[in-house]
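I have placed the structure first, in the form of C-alpha cells, so that the comments after it can refer back to it.
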Amino acid sequence: MSRLPGDPEPGEAMRRMIRVDQAGEYGARRIYAGQLAVLRGTPAEAKIRHMADQENRHLDMFEKLMVERRVRPTLLGPLWHVAGFALGAATALMGEKAAMACTEAVEEVIDEHYGRQSAVLDGDTALKSAVDESRADEIQHRDTARASGAHEAPGYEVLTTVVKRASKLAIWLSERV
C-alpha cells in the first residue's frame with residue numbers, strides 16, 4: 001500500500017501503534033479495576049478478574065515493546081487513569097449487565113482497531129504477535145460479556161454507543177498526543 005500525503009512515516013506509524021496499544025491496555029486495566037471495586041464479592045468478580053489478568057499481560061507486552069523501541073507513552077495517561085476507573089465503576093454501579101455492556105462495547109472497538117493494525121504488520125513479527133495475541137483475548141472478552149447478558153443492560157443502545165464513541169476518540173487521541 002502506498003503512502004498518501006499526510007500519512008505518518010513507517011517508523012512513526014509503528015510508534016503510534018505501540019503508544020495507542022499501551023494506552024488502551026492501560027485504560028482496560030483501569031476499567032476492570034473500577035468494575036472490581038464495585039462488583040467485588042459478586043458472581044461477576046471471577047469473570048472480571050480473569051479478563052483483568054489478561055489485560056495486565058497485554059499491558060506488560062506493550063510496555064516491553066515501548067522500552068525496546070524507545071516509544072514515549074501518550075501524554076494522556078493521567079486522564080486514562082481516572083477516566084478508565086470512572087467508566088468501569090460507573091457502569092458497574094448500574095449493575096453487572098451494564099458492566100458487561102461496557103466491556104462488550106470497548107472490546108468491539110478494540111477488535112476492529114487491532115484487526116486494522118494486524119493487516120499492515122506483516123514485516124514486524126514482534127508487534128504483530130502482540131497485537132494478534134491481544135486481539136484474540138479481546139474477542140474472548142467481548143463474547144464473555146455477551147454471554148453474561150450485556151444486551152439486557154438498561155439503556156444498552158445508548159450506553160454502548162457512548163462507550164464505543166469514547167473508545168474511538170481515546171484511540172485517535174492516544175496515537176497523536
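The values are calculated or read from the model by the stated rules, or taken from the named source; none is laboratory data. Computed from a predicted structure; not experimentally measured. Because the Cβ atoms are built from the backbone with ideal geometry, glycine has one as well, and the counts that use them run over all protein chains shown.
So, of the residues in the stretch 95-136 that are more than 26 Å from Gly149 (Cβ to Cβ) and among the β-branched types (Val, Ile, Thr), which turns out to be surrounded by the fewest Cβ atoms within 10 Å (Cβ to Cβ)?
Thr125
Answer with yes or no whether Thr103 is polar (S, T, N, Q), closer than 22 Å to Phe62 by Cα and modelled with pLDDT of 95 or more. Talk me through it step by step, then tell me what you get.
Details: polar (S, T, N, Q): yes; closer than 22 Å to Phe62 by Cα: yes; modelled with pLDDT of 95 or more: yes.
Yes.
Looking at the stretch 160-177, which of its residues are within 17 Å of His113 (Cβ to Cβ), part of a helix (DSSP H, G or I) and either in contact with a strand residue (DSSP E or B) (Cβ under 9 Å, 6 or more places away or on another chain) or not polar (S, T, N, Q) (or both)?
Of everything in the stretch 160-177, those that are within 17 Å of His113 (Cβ to Cβ), part of a helix (DSSP H, G or I) and either in contact with a strand residue (DSSP E or B) (Cβ under 9 Å, 6 or more places away or on another chain) or not polar (S, T, N, Q) (or both) turn out to be Val163, Lys164, Arg165, Ala166, Lys168, Leu169, Ala170, Ile171, Trp172, Leu173, Glu175, Arg176.
When the stretch 22-51 is examined, which residues are found to be closer than 12 Å to Glu96 by Cα and among the acidic types (Asp, Glu)?
Glu45
Please determine whether any residue of the stretch 98-107 is part of a helix (DSSP H, G or I) and in contact with a Pro (Cβ under 7 Å, 6 or more places away or on another chain).
To start, the set of residues in the stretch 98-107 that are part of a helix (DSSP H, G or I) comprises 98-107.
Next cut, in contact with a Pro (Cβ under 7 Å, 6 or more places away or on another chain) only: 98.
Yes, the stretch 98-107 has at least one match.
Please find, among Ala92, Ala13, the residue that is surrounded by 14 or more Cβ atoms within 10 Å (Cβ to Cβ) and out of contact with any helix residue (DSSP H, G or I) (no Cβ under 9 Å at 6 or more places or on another chain). Full working, then the answer.
On the way: Ala92 fails: out of contact with any helix residue (DSSP H, G or I) (no Cβ under 9 Å at 6 or more places or on another chain).
Result: Ala13 is the single residue among Ala92, Ala13 that is surrounded by 14 or more Cβ atoms within 10 Å (Cβ to Cβ) and out of contact with any helix residue (DSSP H, G or I) (no Cβ under 9 Å at 6 or more places or on another chain).
Report, by residue number, each residue of the stretch 138-159 that is of a type in the set (Asp, Glu) and either surrounded by fewer than 21 Cβ atoms within 10 Å (Cβ to Cβ) or in contact with a strand residue (DSSP E or B) (Cβ under 6 Å, 6 or more places away or on another chain) (or both). Talk me through it step by step, then tell me what you get.
So the first thing to find is which residues in the stretch 138-159 are of a type in the set (Asp, Glu), and the list is 138, 143, 152, 157.
The answer is Asp143, Glu152, Glu157.
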